[in-house]
Amino acid sequence: MKERHLFYAPEAATAHALSADDAAHALRVLHSREGDELWATDGCGNFYEGTAMPGGSSKHPECFIDIAATTPWQRPWQSEIHLAVVPTKHIDRIEWMMEKATEVGLDAFHLLCCANSERRVVKTDRLEKIVISAMKQSHKALKPSVSELTDFAKFIAEPFDGDKFIAHCYDQCDVGDGEKAFLFDVVRRDVPTLVLVGPEGDFSIEEVRAAQAAGFRSVTLGESRLRTETAALTAVMFAHLRKTWNAAQVQE
C-alpha cells in the first residue's frame, strides 16, 4: 500500500495554507500540482481532505488546500498527558525522546531548569520541527505543545488540574514520609497526568521535597536506573498505556 503523506497546515481552518516547510516539500520534493489530492492536519485535532492549489514564487513557494472535508480526530488516550523534563547536555538525546514520545502520543512537553541542569539554553524552534515531523509521521492530528525553558521552582508552583508526579531515585525515607509508588500503578485513565523527570544527576533532595510540598507524588519507574531520555519516554509510555487500555482491563 502506498504511504499517505500527511501535511501540516496550522491555519487550515482560516488561511487554508500549508506551513512554509510543508509547502516547499509538497511542491519541490513531491512535485504536487494543482488538483492533486492533499491530506493535512492543523495540529489541533482536525484532519483536512482536499486538493492542492500552488502559489507564491519559486523562491517562496506557497501551497493552499482546497478543502473538501474536515474530520475531527478522536484522541486515543482518555485524558491529557504532560511531561516535564530537564534537558540533557547533549540535546540530540532529548530530541530523540521528543520524537518517540510524540509518536506514542501525549499533549505537552515542559522543559525545566533545575539545580543539577547541564543545559540552560534550548532552541525550542528546532524541537517544534521535530515534534511536527513526528506527529505527521505517526498520522496524528494533535501537536504536543513545547514550552520554553522554565525554572523548576516556578513550574511546580503553577496550577495543574490533575495528578502530579515526580520521578526520582531517592529512597522515600530520605525525602519525606509516605509510599513511593510505581508510576504505572497510580496513573488514572480519566484524570490528566503530569510527570516530572530530572537530569542525569537527578533532582536535588530539596527540589523533591519542594515538589512534594506543592502536591507532587513521588514515583518510581522501576528497578533499573535510567538515563533522562529513557526515563522520560518510559513515563510517557506508562501513562499512555493506562489511558488507552479498555476500561474493563484497567483496575483503578
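The values are calculated or read from the model by the stated rules, or taken from the named source; none is laboratory data. The structure displayed is predicted, hence computed values, not measured ones. With ideal geometry, Cβ positions are generated from the backbone for all residues, glycine too; neighbour counts draw on all protein chains shown. With ligands, DNA and RNA removed, areas are computed over all heavy atoms of the protein, side chains included. Shrake-Rupley method; radii C 1.70, N 1.55, O 1.52, S 1.80 Å.
Surface exposure of the range 100-252, expressed per residue as accessible area with a 1.4 Å probe, stands at 48 Å². Packing, taken as the mean count of other beta carbons within 10 Å per residue, orders the peptides 70-79, 128-137 from highest to lowest as 128-137, 70-79. When each of the peptides 83-90, 235-242, 47-54 is scored by the mean number of other C-beta atoms lying within 10 Å of its residues, the order from highest to lowest reads 235-242, 83-90, 47-54.
Distant-in-sequence amide contacts of PHE182, defined by a placed amide H-H separation under 5 Å and a gap of 5 or more residues or a different chain, comprise THR220. When each full DSSP H helix of the chain is screened for a Cα extent of at least 15 Å along its own axis and an average Kyte-Doolittle hydropathy of at least -1.0, the helices passing are 91-104, 124-137, 228-244. Simple point charges give the picture: +1 on the Cβ of Lys and Arg, -1 on the Cβ of Asp and Glu, and for the chain a dipole about the Cα centre of about 380 debye. Summing Lys and Arg as +1 and Asp and Glu as -1 over all other residues whose Cβ lies under 14 Å from the Cβ of ALA26 gives a net charge of -3.
Between ALA235, VAL219, SER32, the Cα set farthest toward the positive side of the dipole of the chain (charges on each charged residue's Cβ, about the Cα centre) is that of SER32.
Summing Lys and Arg as +1 and Asp and Glu as -1 over all other residues whose Cβ lies under 11 Å from the Cβ of ALA167 gives a net charge of +1.
As a length-normalised measure over Cα pairs under 8 Å and 6 or more apart, the relative contact order of the range 117-252 settles at 27 percent. For the chain, relative contact order (Cα pairs under 8 Å, six or more residues apart, normalised by length) works out to 19 percent. Mind checking which aspartates and glutamates have their Cα closer than 17 Å to the Cα of LYS140? Skip sequence neighbours fewer than 8 apart in that chain. Cα-Cα hits under 17 Å: GLU3, GLU11, ASP22, ASP42, GLU49, GLU80, GLU99, GLU103, ASP107, GLU128. Taking a straight line from the alpha carbon of LYS143, these lysines sit under 20 Å away, with near neighbours fewer than eight places off in the same chain left out: LYS100, LYS123, LYS129, LYS243. Here is how the number arises for the chain: DSSP H runs of 4 or more residues each give -39500 (n - 2.57), the sum is divided by the residue count, and the result at 222 nm is -8000 deg cm²/dmol. Distances between placed amide hydrogens fall under 5 Å for ASN46 paired with TRP73, all partners being 5 or more residues away or on another chain. Over the range 1-58, Cα pairs under 8 Å with separation of 6+ residues give a relative contact order of 34 percent. Averaging 1/r over each pair of different alpha-carbon atoms in the chain and inverting the result gives 19.6 Å, the Kirkwood hydrodynamic radius.
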